[in-house]
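The values are calculated or read from the model by the stated rules, or taken from the named source; none is laboratory data. Please read these numbers as outputs of a predicted model, since none were measured by experiment. Note that each Cβ is placed from the backbone with ideal geometry, even for glycine, and that neighbours are counted across all protein chains shown. Ligands, DNA and RNA are excluded from the accessible area calculation, which covers all protein heavy atoms including side chains. Shrake-Rupley method; radii C 1.70, N 1.55, O 1.52, S 1.80 Å.
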Amino acid sequence: MEIKITKTTNPKTKPSADTKLGFGNYYTDHMFIMNYDEGQGWHDARIVPYGPIALDPAAMCLHYGQEVFEGLKAYKTEDGSIQLFRPEKNMARLNVSNERLCIPLIDEAFCVEAIKKLVEVDQDWIPAEEGTSLYIRPFIIAADAHVGVHPAKHYLFIVILSPVGAYYPQGLNPVDIYVEQKYVRAVKGGMGFTKTAGNYAASLKAQDDAEKIGYTQVLWLDGVERKYIEEVGTMNVFFVIGDEVVTPELSGSILSGITRMSVIELLRHKGYKVTERKLSIDELYEAHDNGTLKEAFGTGTAAVISPIGTFEWNGRKITVADGGIGEISQMLYDTITGIQSGKIKDEFNWTQKI
Ligand SMILES: *Cc1c(COP(=O)(O)O)cnc(C)c1O
């Protein structure tokens, strides 16, 4: 499919190099759109000036949440080239989400090309300062004007871009975690393994309550027994217990993170013992009590590695080792961000140049 490009005649002023970009505050000059109509498939791939989209108030995505999304980043390397981190994995995962939400599948290779083209058009928006990047948000919405509960026949696939600041402007910083007992994020058979808006809506209340009592994120336990550890906020979670690195197995209610996958591959490559298995909250507290809990950290595209300093569960607060940044956490952060920014040679073939 050909991509038609219409450039803006009215470019925006880009944030200056000393602007605090934060996350999701600025959007570039262009966006990618294509339409899906039943019988016709995906069509009319185009790059157009960034701006509001017209939706009928009866558009199905607004009523029943038929929506999926992805999140990845483009990085400017020191030699000025631009690269993406494992974009083919994001498009493969988008199709996993599509399948669960009855959304028509996309052509993964074509969508990677579309993303590359869009990033190329808006390449002057990619910030170059240490730790910054261009966040890429592809998403699909059901667009039929029909308030009725069934899969839609018309969809929009859209990609928008946002220059984002360093997640840790002052270097890695351990976070305090509240172990959630009242609310659950997802259950097996539900949509927990997909990236869809509803999962985030379901998580807001717990996150809001945790913030009010001074915690950064919640640790989600499984929805049935309220016992097994699943994820931390919107990140996957890892623990170093003795000489084993443990992460919850993908049970159906856990999102299969690309950072998670990369961390597992990198650790195994370096000779660490990594186990994907069930890990209960009791086992975590026991490991703390017998002194074998050495590190805990979250993984995700936004922060890459997010060390965890403390947990509170059932009224009892524990500190992970000395509450600082663990050796493995720091090594993973340095290695993965190094590969992403081009400072470290990518021996895994994870990056793709534009
Ligand atoms: C996106 C996401 C992650 C992290 O996935 P990455 O591909 O590593 O960014 C983890 N958990 C949830 C719930 C997510 O939505």
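Residue pairs whose Cβ atoms lie under 7 Å apart, sitting 6 or more positions apart in sequence or on different chains, and linking a residue in the range 234-258 that is farther than 20 Å from E295 by Cα to a partner that is in a helix (DSSP H, G or I) and within 13 Å of the ligand (Cβ to nearest atom), are S256/R93; I258/K89; I258/N90. Scanning the range 94-114 for residues that are open to solvent by less than 70 Å² (accessible area, probe 1.4 Å) and not in a helix (DSSP H, G or I) turns up L101, I103, P104, I106. The residues of the range 142-190 that are assigned to a strand (DSSP E or B), open to solvent by 10 Å² or more (accessible area, probe 1.4 Å) and more than 29 Å from L101 (Cβ to Cβ), listed by number, are V175, D176, Y178. Checking the range 82-93 against the condition returns no match, with no residue being over 20 Å from the mean Cα position of the chain (by Cα), assigned by TED's automatic domain parsing to the domain that holds H30 and open to solvent by 20 Å² or more (accessible area, probe 1.4 Å). Determine whether E120 is under 21 Å from the mean Cα position of the chain (by Cα), surrounded by fewer than 16 Cβ atoms within 10 Å (Cβ to Cβ) and in contact (Cβ under 8 Å) with a residue 24 or more places away in the chain. In short, no. Among the residues making up the range 115-141, those that are among the hydrophobic types (A, V, I, L, M, F, W, C) and either assigned to a strand (DSSP E or B) or modelled with pLDDT under 95 (or both) are A128, L134, I136, F139, I140, I141. Here is the figure for the range 68-81: residues that are open to solvent by 10 Å² or more (accessible area, probe 1.4 Å) and away from the ligand (no atom under 13 Å from the Cβ) total 7.
Among the residues of the range 264-290, which ones are in contact with a strand residue (DSSP E or B) (Cβ under 6 Å, 6 or more places away or on another chain), without any contact (Cβ under 8 Å) to a residue 40 or more places away in the chain and open to solvent by less than 80 Å² (accessible area, probe 1.4 Å)? Across the range 264-290, the qualifying residues are I264, V274, T275, E276, H288.
May I ask you to verify whether S203 is open to solvent by less than 60 Å² (accessible area, probe 1.4 Å) and farther than 18 Å from G298 by Cα? No; evaluated as a whole, the condition is false for this residue. Scanning the range 125-156 for residues that are more than 30 Å from T77 (Cβ to Cβ) and among the small types (G, A, S) gives A142, A143, A145, G148, A152. It is to be established whether one or more residues within the range 242-262 are within 19 Å of the chain's Cα centre (by Cα), open to solvent by less than 10 Å² (accessible area, probe 1.4 Å) and away from the ligand (no atom under 12 Å from the Cβ). The answer is no, given that none of the residues of the range 242-262 is within 19 Å of the chain's Cα centre (by Cα), open to solvent by less than 10 Å² (accessible area, probe 1.4 Å) and away from the ligand (no atom under 12 Å from the Cβ). Within the range 291-303, the set of residues being modelled with pLDDT of 95 or more and either within 15 Å of Q217 (Cβ to Cβ) or surrounded by 17 or more Cβ atoms within 10 Å (Cβ to Cβ) (or both) comprises L293, K294, E295, A296, F297, G298, T299, G300, T301. The residues of the range 308-324 that are buried (at least 20 other Cβ atoms within 10 Å of the Cβ) and either away from the ligand (no atom under 16 Å from the Cβ) or assigned to a loop (DSSP other than H, G, I, E, B) (or both), listed by number, are F311, V320. Determine, yes or no, whether Q170 is out of contact with any Phe, Trp or Tyr (no Cβ under 9 Å at 6 or more places or on another chain) and free of Cβ contacts under 8 Å to residues at least 40 places away in the same chain. In short, yes. Scanning the range 203-241 for residues that are closer than 20 Å to L267 by Cβ, more than 16 Å from the ligand (Cβ to nearest atom) and either touching a Ser or Thr at 6+ places or on another chain (Cβ under 6 Å) or part of a loop (DSSP other than H, G, I, E, B) (or both) turns up just one, I241. Restricting to the range 1-31, and then to whatever is farther than 17 Å from R46 by Cβ and aliphatic (A, V, I, L, M), can you tell me which residue is surrounded by the most Cβ atoms within 10 Å (Cβ to Cβ)? Among them, the one singled out is L21.
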